[in-house]
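So the structure is just underneath, and the comments pick up after that.
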């Protein structure tokens, strides 16, 4: 509705630069080590950014190398609960399946904060 929710999320994640002001996330300034802050945040954006050529297993492998606290067992449990096929390419997923995969990925590194931006669209 144009209220700036997506922009706020992108500012929090340092995806866009702010003009002024400051942002604190979990008690830390967003200008501190953003990599450490991202370890504590799980994010689902309206557009996931997952490459179309990957399947859910490959997404898990990439995330395992990205997040220190990645939990393969929990990720695979969520894939089963969400009924997501392991070998099917992301481009072949429905919108709802894409959102479920993004949610599984966001939750599987044990984040302290979960940010959902239009995460239920398509479900």
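For the stretch 84-99, taking the residues that are out of contact with any strand residue (DSSP E or B) (no Cβ under 7 Å at 6 or more places or on another chain) and either part of a strand (DSSP E or B) or without any contact (Cβ under 8 Å) to a residue 12 or more places away in the chain (or both), the one that is nearest to residue 41 (Cα to Cα) is identified as 93.
All conditions in (1) under 30 Å from residue 86 (Cα atoms); (2) outside any loop (DSSP other than H, G, I, E, B) hold for residue 8, with the sole exception of (1).
Would you mind finding the one in 37, 25, 50, 16 that is free of Cβ contacts under 8 Å to residues at least 40 places away in the same chain and in contact with a helix residue (DSSP H, G or I) (Cβ under 6 Å, 6 or more places away or on another chain)? Before the answer, list the steps.
Details: 37 fails: in contact with a helix residue (DSSP H, G or I) (Cβ under 6 Å, 6 or more places away or on another chain); 25 fails: free of Cβ contacts under 8 Å to residues at least 40 places away in the same chain; 50 fails: free of Cβ contacts under 8 Å to residues at least 40 places away in the same chain.
Exactly one of 37, 25, 50, 16 is free of Cβ contacts under 8 Å to residues at least 40 places away in the same chain and in contact with a helix residue (DSSP H, G or I) (Cβ under 6 Å, 6 or more places away or on another chain), namely 16.
Which of the residues spanning the stretch 27-55 are part of a loop (DSSP other than H, G, I, E, B), in contact with a strand residue (DSSP E or B) (Cβ under 8 Å, 6 or more places away or on another chain) and modelled with pLDDT under 85?
30, the sole residue that qualifies.
The set of residues in the stretch 100-111 being in a helix (DSSP H, G or I) and either farther than 30 Å from residue 36 by Cα or touching a strand residue (DSSP E or B) at 6+ places or on another chain (Cβ under 7 Å) (or both) consists of 102, 103, 106, 107. Being surrounded by 12 or more Cβ atoms within 10 Å (Cβ to Cβ) and over 24 Å from residue 6 (Cβ atoms) is a property that residue 40 lacks. In the stretch 56-67, is there at least one residue being in contact with a strand residue (DSSP E or B) (Cβ under 8 Å, 6 or more places away or on another chain) and without any contact (Cβ under 8 Å) to a residue 60 or more places away in the chain? For the stretch 56-67, residues in contact with a strand residue (DSSP E or B) (Cβ under 8 Å, 6 or more places away or on another chain) and without any contact (Cβ under 8 Å) to a residue 60 or more places away in the chain: absent.
The values are calculated or read from the model by the stated rules, or taken from the named source; none is laboratory data. What you see is a predicted model; the values in this text were computed from it and never measured. Every residue, glycine as well, gets a Cβ built from its backbone with ideal geometry; the counts of neighbours run over all protein chains shown.
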